[in-house]
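These notes concern the structure reproduced below.
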DNA sequence: GCCTACATGTAAACCGTTACATGATTAT
DNA sequence: ATAATCATGTAACGGTTTACATGTAGGC
């Protein structure tokens, strides 16, 4: 279980509410972790029990209280000890690859039915290409805003920049792969005169 | 939940035992799915209940019976229907990125303690680089063995080749990123005369 | 003698998702 | 008026992981 570590890692820079953590996991740092608000609230309670975080409640006009979580000294020690431990390679579970693997099942018996099915698959790949392009655009924005001169950064920020680099590389590569797939579909359509 | 679909996808080509599925998910197709033998055995039972797979038991001398699972016509239909449905972008959970994000916590107070800690992190990145290189080597072997002339393949095999391409691209890119990280660590060590 | 491979399975603990629940503010 | 955003939470369910369990055969 490493959601706890991902939360603590975000808390290094500033205190967060559960709500804000959920937003960040969904938007800016979605290339290194993902979690629903449910998991986050439960995990924060556990971390508080273990004294790895501390909470300060902030009253707000016309809104529920905001509970701001801070990392404690014990929390930092816990994180450092963990990060020096070896870990596994991330397991991959890609629906899109399972779909391509099984795509040969699409029936060839009826030409019309088949081209409709293949068209749906093409759409799916185009859609995913766009989603990845959107993510890439977000990461490029972060790059421009926070790391404009990436060659001359203090060490702490270089670590962060390399984390972002992973996201940029991943999405760039994924988009290129989508293009390889879409190119095949295009050639296929051409060859068949569809 | 898509483990069921990943299992059915593998069964397209040939019947499998639970044990063999576990091996493939751990070795040859680990770039598109991962599952323990536990999950697989339970999932196979469910698929059998739904008549999406059929089992033939093979007695073996001095070993437990081998239960070979075959995909049924209903299983194929089920798979095709699923693959025409839209799906989400795969969520990423990368321990190594959380570690880099938190690396700035490594204490600078005591120089000896710090360089020992950073050395451990470097080792971790070198280890992961090697693991990814091993995977890449496996994928290249599969490429040479099954897709020697990748430009001229029947369509069914092109789909499969593009699935493999994703694995090759992913590992290649990951290794390059590890090199970016290791280069930073090397520069750092040089600058400090360690 | 010990470890690995073959082959399947039960049980419990843990993690993750979905639905439900509340309630004010702001934008369309 | 309706939907989205802010902000937190409970309950139930379903998926995943880990530990336990069994037993043969073959390599070091």
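Of note:
- Between helix A:73-83 and chain A there is an angle of about 40 degrees, using the helix long axis and the longest principal axis of the Cα atoms.
- Taking all Cα pairs closer than 8 Å and separated by 6 or more residues, the relative contact order of the range A:3-84 comes to 34 percent.
- The coefficient of translational diffusion for the range A:3-84, derived via Stokes-Einstein from the alpha carbon Kirkwood radius under 10 °C and 1.306 mPa s, stands at 123 µm²/s.
- The slack in the chain from residue B:143 to residue B:13, taken as 0.36 nm per residue of separation less the alpha-carbon distance, amounts to 45.0 nm.
- Column: log10 I(q)/I(0), Debye, Cα scatterers of chain A, q = 0.08, 0.16 Å⁻¹: -0.42, -1.10
- When Rg and the Kirkwood radius Rh are both evaluated on Cα atoms of the range B:95-190, their ratio Rg/Rh stands at 1.19.
- Separation between Cα centres of the range B:129-193 and the range A:107-181, rounded to whole Å: 17
- Chain B - percent relative contact order, Cα under 8 Å, separation 6 or more: 17
- Dividing the mean sequence gap of close Cα pairs (under 8 Å, 6+ apart) by how many residues the range B:95-190 holds gives a relative contact order of 33 percent.
- Neighbour counts of other Cβ atoms within 10 Å put A:108, B:89, B:181 in the fewest-to-most order A:108, B:89, B:181.
- 0 to 90° range, to nearest 10: angle between helix B:111-146 axis and chain B longest Cα axis: 30
- Principal-axis tilt of helix A:155-192 within chain A, Cα atoms, nearest 10 degrees: 10
- Averaged over the residues of peptide A:148-161, the number of Cβ atoms from other protein chains lying within 10 Å of each residue's Cβ is 3.
- The share of alpha-carbon pairs in the protein assembly as shown lying farther apart than 36 Å comes to 34%.
- CD proxy at 222 nm, helix term only [per DSSP H run n ≥ 4: -39500 (n - 2.57); per residue of chain B; nearest 500]: -21500 deg cm²/dmol
Computed from the coordinates by the stated procedures, all read-outs in this text should not be read as laboratory data. Computed from a prediction, not measured in an experiment: that's the story for all the values here. Because the Cβ atoms are built from the backbone with ideal geometry, glycine has one as well, and the counts that use them run over all protein chains shown.
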